[in-house]
Amino acid sequence: MKKKMIAIGFEGSANKIGIGVVTLDGTILSNPRHTYITPPGQGFLPRETAQHHLQHVLPLIKSALKTAEITPDEIDCICYTKGPGMGAPLQVSAIVVRVLSLLWKKPIVAVNHCVAHIEMGRIVTGADDPVVLYVSGGNTQVIAYSEGRYRIFGETIDIAVGNCLDRFARVLTLSNDPSPGYNIEQVFRRSYPQNYVRSRVGQGGSLVYLKKNEESKHYRLNL
């Protein structure tokens with residue numbers, strides 16, 4: 001029986017540090033992670049976020065290997081998020097991966113954060129050649145594969161949807177645990193149960209509008 005290739009991957013581009021063990025066909029063997037939670041109304045700064053990742057990366061490595069029931073000898077390659085993302089948190093994974101590569105004698109694979117999101121979606125959905133609406137904390141783009149690479153065919157003209165939600169959550173002094181977008185959704189469910197629309201989205205203009213209304217107390221939100 002042919003052995004399945006196994007990779008261990010490190011993602012630490014923002015306030016979450018995660019380590020996943022997967023096979024080549026996309027089977028997830030383990031996926032422990034830890035999120036840096038800041039006080040409500042505050043964002044996360046690069047230095048403090050990097051310190052959080054340093055504190056949790058070694059326990060996560062042990063947890064990932066234990067849950068996957070493998071040893072370092074069974075790993076074929078070590079992957080990590082090279083970018084895009086926050087510089088200091090990204091450096092934590094990059095340094096740890098380089099050390100493990102020397103200790104375990106395994107090759108390193110640098111991964112583009114955006115492409116990884118798309119490829120995960122392809123594996124989950126079985127899509128062959130999709131046109132992708134890519135929505136994350138730092139990106140809102142229409143992407144497709146053309147002439148040997150992923151290309152951007154359209155994008156937001158100001159800020160990303162995820163960034164808009166993060167910043168509005170800070171306006172409302174909401175926690176980022178488990179995520180700002182989830183907590184905003186719960187507030188609007190409680191505040192407007194009859195008029196709640198699941199498909200709400202926002203861009204830069206929406207953020208300014210919401211901030212002005214919150215400051216003027218035009219809307220009464222049940223925080």
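Among the trypsin sites (Lys or Arg not before Pro) within region 81-159, those in coil by DSSP and having at most 12 neighbouring Cβ atoms inside 10 Å are LYS105. The convex hull defined by the C-alpha atoms of region 1-140 has an orientation-averaged projected area of 9.6 nm². Surface listing: GLU11, GLU155 arranged by accessible area from highest to lowest gives GLU155, GLU11, probe 1.4 Å.
Straight Cα distances below 19 angstrom link LYS4 to the lysines LYS66, LYS105, LYS106, with same-chain residues fewer than 8 positions distant left out. Take 55-65, 159-169 and order them by the average number of nearby Cβ atoms within 10 Å per residue, most first; the result is 159-169, 55-65.
Provide the per residue accessible area, probe 1.4 Å, for region 6-116, rounded to a whole number of square angstrom.
Numbers: 5760 Å² over 111 residues.
Accessible surface, normalised per residue, equals 52 Å².
For the chain, the share of accessible area belonging to carbon and sulfur comes to 57 percent (1.4 Å probe, ligands and nucleic acids excluded). Per the Debye formula on identical point scatterers at the alpha carbon atoms of region 109-199, with no solvent, log10 I(q)/I(0) at q = 0.15, 0.22, 0.24 Å⁻¹ is -0.74, -1.11, -1.18. Beta-bridge orientation, the chain: approximately 70 percent antiparallel, per DSSP, counting only bridges with both partners inside. Taking a span of 24 Å or more along the helix axis (Cα atoms) and a mean Kyte-Doolittle hydropathy of at least 0.0 as the rule, the DSSP H helices of the chain that qualify are 87-104. Per residue of the chain, the DSSP helices (runs of n ≥ 4 H) give a summed -39500 (n - 2.57) that works out to -13000 deg cm²/dmol at 222 nm.
Straight Cα distances below 15 angstrom link LYS211 to the aspartates and glutamates ASP166, with same-chain residues fewer than 8 positions distant left out.
Charges only on Cβ, +1 for Lys and Arg, -1 for Asp and Glu: so what's the dipole of the chain about the Cα centre, in debye to the nearest 20? Present the calculation step by step, with values, prior to reporting the outcome.
Numbers: 25 positive and 18 negative charges, 83 e Å.
I would put it at about 400 debye.
The values are calculated or read from the model by the stated rules, or taken from the named source; none is laboratory data. Note that the coordinates shown come from a computational prediction; the quantities given were computed from them, not determined experimentally. No Cβ is skipped: glycine too gets one built from the backbone with ideal geometry, and neighbour counts run over all protein chains shown. Just the protein is used for accessible areas: all its heavy atoms, side chains included, with ligands, DNA and RNA removed. Shrake-Rupley method; radii C 1.70, N 1.55, O 1.52, S 1.80 Å.
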